[in-house]
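What follows is one structure encoded as structure tokens, with my remarks underneath.
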Amino acid sequence: MNWYFDSNGQQTGPVEAGDVLRRLQTGDINPGTLVWREGLPAWVPLRQVLPELQGGLITEQPLDLCDECGYSFPPADLDSCGAHRLCRTCKPAFIERAHASLSAETRSLPSLRVWRQNKLVIMAQDGELPCRCFKCNDPAEPVRLPRTLYWHPPWLYLIVIFNLLIYAIIAMCVRKTQKIGLPLCARHKAVRNRDLFIAWGGIALSILIPVLMAFTLKDSTFTGAIIVCCAALLLFCVLYGVIRCRQVTASLITDTHLHLSGSGPAFRASLGEWNGY
């Protein structure tokens, strides 16, 4: 099928569908360029016949449009930014504008009372985290993840050397507690659910195997080795769950502020610098 397109007011063609798409990718034409082929009643913008052009090519995958520049690219050359699909040329500028907009929004909403300091997020006791993912700064899910944070002076850990029970009692008495709602995007919520499944699945397996052995392998020579492996699996899954699933920790809790660790660089970049007040 031969195509014609408008080039600075002059008709250019005939050309093949693949040539039209290549010119679109290189920027010689754009989605608004007028095109025509035999059978069309009039010249139409390229974007209206783009599916037809792509369907006429013998390719393994169709081309997609960049939401920013409108040019057509193979799907592998487009990156997802929230709900947007962007080419790698447009993505840096798009993210920079988004961060600038978020910073301005944060500064214009003092009621949030959230700032950044190096790798920490500082939040006032009466503040609220913005509705952006704490890990990647993408739009967060409407329902926040409830978290209860605990903190006590770090020197208390020295008591563990002498007596773990005494440490536990003192820590329970002097620790400070704060409840927050943690904003997470759908992707990071799914990652957390996966890690919870792995941790609890491993814990259940490490308990179930010795129980089954008690009824089936009463005189096995491998009983001791299997029990040791199950104990190691149990310890690993507990540590895995604690480290991977808590998402946020309190580095300091005072009467006025919370110092939070575990946030992503993009989230911190959207916040204003903490002035110490």
Subject >> Unmet requirement for residue 146, which otherwise passes all of (1) at pLDDT 90 or above; (2) under 22 Å from the mean Cα position of the chain (by Cα); (3) of a type outside the set (D, E, K, R); (4) over 20 Å from residue 185 (Cβ atoms) >> reply: (4)
Original post:
Can you tell me which residues in region 230-277 are closer than 21 Å to residue 179 by Cβ, of a type in the set (Gly, Ala, Ser) and in a loop (DSSP other than H, G, I, E, B)?
Top reply: 262, 263
Original post:
Of the residues that sit in region 250-262 and are under 23 Å from the mean Cα position of the chain (by Cα) and more than 14 Å from residue 128 (Cα to Cα), which one is surrounded by the most Cβ atoms within 10 Å (Cβ to Cβ)?
Top reply: 250
**OP:** Run residue 265 past the list (1) surrounded by 14 or more Cβ atoms within 10 Å (Cβ to Cβ); (2) within 25 Å of the chain's Cα centre (by Cα); (3) not acidic (Asp, Glu) and report the number of the one that doesn't hold.
**Re:** (1)
**OP:** Kindly indicate the residue of region 44-65 that is in contact with a Phe, Trp or Tyr (Cβ under 8 Å, 6 or more places away or on another chain) and surrounded by 15 or more Cβ atoms within 10 Å (Cβ to Cβ) and also modelled with the highest pLDDT among those meeting that condition.
**Re:** 46
Original post:
Considering 250, 231, which residue is of a type outside the set (S, T, N, Q), farther than 19 Å from residue 122 by Cα and either touching a residue at least 60 places away in the same chain (Cβ under 8 Å) or in contact with a helix residue (DSSP H, G or I) (Cβ under 8 Å, 6 or more places away or on another chain) (or both)?
Top reply: 231
Original post:
Which residue out of 165, 205 is loosely packed, with under 12 Cβ neighbours inside 10 Å and farther than 30 Å from residue 122 by Cβ?
Top reply: 165
Original post:
Under 6 Å by Cβ, and 6 or more places apart or on different chains, what pairs join a residue from region 1-27 that is more than 16 Å from residue 65 (Cβ to Cβ) and touching a residue at least 40 places away in the same chain (Cβ under 8 Å) with one that is surrounded by 15 or more Cβ atoms within 10 Å (Cβ to Cβ) and of a type in the set (S, T, N, Q)?
Top reply: 5/12; 5/33
**OP:** For residues that are surrounded by 12 or more Cβ atoms within 10 Å (Cβ to Cβ), modelled with pLDDT of 75 or more and acidic (Asp, Glu), tally how many sit in region 66-119.
**Re:** 3
Subject >> Unmet criterion (only one of (1) modelled with pLDDT of 80 or more; (2) of a type outside the set (Gly, Ala, Ser); (3) closer than 24 Å to residue 253 by Cβ; (4) loosely packed, with under 13 Cβ neighbours inside 10 Å) for residue 41 >> reply: (3)
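The values are calculated or read from the model by the stated rules, or taken from the named source; none is laboratory data. Owing to the predicted nature of the structure, the values given are computational and were not obtained by experimental measurement. Cβ coordinates were reconstructed from backbone atoms using ideal geometry, including for glycine residues, and neighbour counts include every protein chain displayed.
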